[in-house]
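Taking it in order: structure first as structure tokens, then the write-up.
Read-outs throughout are calculated quantities, based only on the coordinates presented, and are distinct from any laboratory measurement. Just so we're clear, the structure is a prediction, and the values are computed from it rather than from any experiment. In this analysis, Cβ positions are derived from the backbone assuming ideal geometry, glycine residues included, and neighbour counts consider all displayed protein chains.
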Amino acid sequence: MPIKLYFLQASRSIRTAWQINELGLDYDVNFSPRENGVAPAAFKQQAGGLGKFPTLEDNGVMYYESGNICEYLSDVYDTQNRLLPPVGDPARYKVLQWVHASEATYLLHGLAVLYAKWNQKDGDVQQTIAGLSKNMINDLNYLESELGKSNGKFLLGDKLTAADIMMHFSARFILVRELGTMGKTWPKIEEWLNNSEATASYKAAVEKTGHKL
């Protein structure tokens, strides 16, 4: 039975589709557009009721959270450790640093800006955003600096890893939505994003899922 991916448009689901394609696995996509900006209630129920996407179903088990799914796919299907080095290898933890930073640092700070735009009713919203943007700019400056140290097209050299798969969505989402970027640009980040999107596996994931931001 092929893996089933519950894919919500304009979401982190592209991470999982990209990784599955990179690993050469067979999978089915259960796709849903957003309704009024959110996942439809019926689609949440189909995906197990938690309402978080991506959701991965494999051998009758549901897996949630894109970082967790990333590690699951790597541990179970990446037998040559191409995307995530084996346990005990120091290189593994460099990859995992970015896997976790994609959510715990980058999207945490980016979504804080987005939620301020959406929800702040009192006070000076622009002042709030300016304050929140300091973290975002520091984060992106660090990413730009680390890319400058890479000896290849990707975050950690010439080979795609789980670090790229997880960080790509975070960075692209932040830049497209201009979340705390304050008009600044980061050329190395843009180059890395373009390199990532030029991979055959990313293109295949977009073609199969219809992903767009």
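Taking each residue as 0.36 nm, the span from LYS94 to THR128 lengthens on full extension beyond its C-alpha to C-alpha distance by 8.9 nm. Here THR128, THR199 are placed in order of increasing Cβ neighbour count within 10 Å, fewest first, which gives THR128, THR199.
Charged side chains reduced to their Cβ positions (Lys and Arg at +1, Asp and Glu at -1) give the chain a dipole of some 380 debye around its Cα centre.
Close amide H partners of ASN30, meaning residues 5 or more places away or on another chain with modelled amide H under 5 Å apart, are LEU5, TYR6, PHE7.
List, in the order given, every pair from LYS94/LYS208; LYS117/LYS184; LYS117/LYS212 whose Cα-Cα distance in the structure shown is over 25 Å. Too far apart for the 25 Å limit: LYS94/LYS208. Going by neighbour counts of Cβ atoms within 10 Å, the residues MET167, MET182 line up, fewest first, as MET182, MET167. With 0.36 nm allotted per residue and the present C-alpha distance subtracted, the GLU207-ASN36 stretch has 59.2 nm of extension available. The distance separating the Cα centre of segment 119-155 from that of segment 195-213 comes to 25 Å. Residue-wise HN-Hα couplings along segment 62-69, as the Karplus relation 6.51 cos²θ - 1.76 cosθ + 1.60 with θ = phi - 60° gives them from phi, are 8, 10, 10, 6, 4, x, 5, 4 Hz; Gly and Pro carry x. For LEU8, the shell of other residues with beta-carbons less than 11 Å away shows a net charge of +3, using +1 for Lys and Arg and -1 for Asp and Glu.
Taking other Cβ atoms within 10 Å as a rough exposure proxy, MET1, MET62, MET136 sort from fewest to most as MET1, MET62, MET136.
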